[in-house]
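Report on the following structure.
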Amino acid sequence: MLDRKRRFATRCARCDNPPMITLYSYPELFGVADNNPYGLKTFAFLKLSRLPFQHEHIFDAKAAPRAQLPYLKDDDHEVGDSDAIVAYLTQKYALSLDSKLTPAQRTTEHFIRRTLDDLYWVMSYSRWSDAEFWPIFKSEMLRTHPILTDAGMEAARKYNFERYYYQGVGRYEREQVYARGLADLGAISSSMPREGFFFGAEPSTVDASVYGFLANIFFYPIDTPLKRFVSSDEGLVRHCRSVHSHVS
């Protein structure tokens, strides 16, 4: 089912014939452009790359490659998965966001992305599984997106329970789940420079990736252990606000 379509566009000063790019991703929440970190990462990458694009918010991923969001349409070509989207756009449009990265920095970027992949499960668990925070998340989703129903949210929660169990995080005790996510955030924090962005004065793809996750924690008024950690970490807050100012 489609949410109300909201379209966003950016300018590309170097494009005489702007590409017809459409990003399909989950809808916004708490003022963040996408309530899924991978969709928000892709949104931030497009913004930082200054590629013109349209942003369409949807809930139903059945039409997406591998039935997962986000996905991108570039004219008639479809690309799924945030990393694949970044790679495709970088190659096709000769994007320079990561052109100055050293081999060591590219390795670091890979490690950070894999850490974020682990953090994803804890973030998702905090919203859909944790009995303390689920009612707040559910209430805000229903309030912000009237197309959703209570029954639909409960069905999605049940589906996520299955995902957590088969992924493994659903087999841990609550404290163990959060300990894992806090360790991920600590690793990201310790990798972050005290000023600027990860690899210099200008943001690169890794900054878009980290922002996708931090913004979906920091800007949410849900007092999870993840939120408390990020809010108390000056470097994470600075980075999140800085990237946010670049892409808003």
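Only the coordinates and a few stated rules stand behind these numbers; no lab work does. Not measured: the values here are computed from a predicted model. Because the Cβ atoms are built from the backbone with ideal geometry, glycine has one as well, and the counts that use them run over all protein chains shown.
The eigenvalues of the Cα gyration tensor, multiplied by 5 and square-rooted, give the chain an equivalent ellipsoid with semi-axes of 28, 23, 16 Å from largest to smallest.
Each of V230, S189, A94 was placed along the dipole of the chain (beta-carbon charges, centred on the mean Cα), and the one lying farthest toward the positive end is A94.
For the chain, the longest stretch holding no GluC sites (Glu not before Pro) located in a DSSP loop with at most 13 other Cβ atoms within 10 Å is which? Please report the intermediate quantities before stating the final value.
Values: sites that count: E132, E173, E195.
That gives 1-131 as the longest site-free run.
Taking the Cα centre of the chain as origin and assigning +1 to Lys and Arg Cβ atoms and -1 to Asp and Glu Cβ atoms, the resulting dipole is close to 260 debye. Computed over region 88-167, the Cα gyration tensor eigenvalues convert (square root of 5λ each) into semi-axes of 36, 17, 11 Å, ordered from largest to smallest. Stretching the chain fully between A131 and A179 yields a gain of 15.6 nm (0.36 nm per residue, less the alpha carbon separation). Set the Förster radius R0 to 25 Å, insert the Cβ-Cβ distance between S189 and R106 as r into 1/(1 + (r/R0)^6), and round the FRET efficiency to 0.05. My answer for the efficiency is 0.75.
Both radii are taken from the alpha-carbon atoms of region 21-92; with Rh as the Kirkwood radius, Rg/Rh is 0.93. Dipole magnitude for region 103-247: about 140 debye, using +1 per Lys or Arg Cβ and -1 per Asp or Glu Cβ, origin at the Cα centre.
How much length would be gained if the chain were fully extended between F219 and Y93, taking 0.36 nm per residue of separation minus their Cα-Cα distance, in nm to one decimal? Provide the component values of the computation, followed by the final result.
Details: separation 126, 0.36 × 126 = 45.36 nm, distance 3.18 nm.
42.2 nm is the gain from fully extending F219 to Y93.
Return the aspartates and glutamates within reach of K100: Cα separation strictly under 18 angstrom, same-chain partners fewer than 8 residues apart disregarded; answer none if there are no such residues. Excluding near neighbours in sequence, the set is E109, E202, D207. Summing charges over all other residues whose Cβ lies under 13 Å from the Cβ of V79, with Lys and Arg as +1 and Asp and Glu as -1, gives -3.
Within a straight-line Cα-Cα reach of under 18 Å, K47 can be paired with the following lysines, leaving aside sequence neighbours fewer than 8 residues apart in one chain: K73, K92.
Only aspartates and glutamates eight or more places from K138 in sequence, or on another chain, were considered; those with a Cα closer than 13 Å are D130, D150, E154.
Tell me, what is the FRET efficiency for D83 and R171 to the nearest 0.05, using R0 = 30 angstrom and their Cβ-Cβ distance as r? Let's see the in-between values first.
Working: r = 27 Å, r/R0 = 0.90.
In this case the efficiency is close to 0.65.
Viscosity 1.306 mPa s, temperature 10 °C: Stokes-Einstein D of region 103-247 from its Kirkwood Cα radius, in µm² per second? After rounding, the answer is 98 µm²/s.
What ranking do K138, K62, K92, K41 get, fewest neighbouring Cβ atoms within 10 angstrom at the top?
Values: K138 18, K62 6, K92 14, K41 30.
Exposure proxy ranking, most exposed first: K62, K92, K138, K41.
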